[in-house]
Amino acid sequence: MILLFIVSALVAGSVVPVQTSINAGLGRKVGSPMMASLISFLTGTLTLMFLALIVDHRLGFPPSALHTLPWWIWFGGGTLGVVYLTSNLLLLPKLGAALTVVSTLCGQMIMAICIDQFGWFNVAVQPFSLPRFIGVVCLLGGVLLMQKF
């Protein structure tokens with residue numbers, strides 16, 4: 001079963017360079033990476049509304065969630081999504097698709113290891129280990145190789 005999840009993650013990850021390339025092209029055509037991000041998030045919002053209606057049969061959430069969740073839960077994901085998407089739009093023309101993706105992936109891995117190590121955001125602790133360290137070093141080496149060649 002874990003193999004199916006890994007394959008699913010690989011497929012999901014494969015859309016990132018496609019999305020980044022599409023949005024960078026959109027940014028060039030509309031003359032603004034911010035406007036391209038806005039269009040991307042708007043179409044994403046409409047798609048999610050449609051999917052929520054199909055899958056969940058609703059667009060709402062329990063009103064109690066407004067009072068029981070910390071403020072940053074409401075703003076963190078969307079705001080960080082804007083940072084990620086817009087950064088990719090700005091970086092792709094300068095770095096190319098491959099270097100942009102591998103660099104952001106390396107940043108994701110470093111932060112993911114920190115989140116695992118310290119259990120941030122209520123994530124189960126996964127201690128830092130030598131294999132994880134070697135994995136990050138390999139990713140950093142990949143970034144350097146891709147930048148060099």
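Any read-out appearing in this document is the output of simple, stated calculations on the displayed coordinates, not a laboratory observation. Bear in mind that the values here come from a model prediction, so they are computed numbers and not experimental data.
Picking from MET49, MET34, MET109, which is most flexible by a Gaussian network model of the chain using Cα springs under 10 Å?
MET49
What Kirkwood Rh does the chain have if only Cα atoms enter the pairwise 1/r average? Answer in Å.
Final number for the Kirkwood radius of the chain is 18.0 Å.
In whole Hz, what ³J(HN,Hα) sequence does segment 108-117 give by Karplus (6.51, -1.76, 1.60; θ = phi - 60°), x for Gly and Pro?
4, 5, 4, 5, 4, 5, 5, 4, 4, 4
Convert each backbone phi in segment 31-47 into a coupling constant with the Karplus relation 6.51 cos²θ - 1.76 cosθ + 1.60 (shift: θ = phi - 60°), then list the ³J(HN,Hα) values in order as whole Hz, x for Gly and Pro.
Ordered by residue, 3J(HN,Hα) equals x, 6, x, 5, 5, 4, 4, 4, 4, 4, 5, 5, 5, x, 5, 5, 4 Hz.
What is the Rg over Rh value, at two decimals, for segment 96-149, using alpha-carbon atoms and the Kirkwood definition of Rh?
Looking at segment 96-149, the ratio lands at 1.07.
Would you work out the relative contact order for segment 1-95, in percent, from Cα pairs under 8 angstrom that are 6 or more residues apart?
Relative contact order, segment 1-95: 40 percent.
Rank GLY135, GLY76, GLY27 by mean-square fluctuation in a GNM of the chain with C-alpha springs under 10 angstrom and give only the top-ranked residue.
In this elastic network of the chain, the residue with the biggest mean-square fluctuation among GLY135, GLY76, GLY27 is GLY76.
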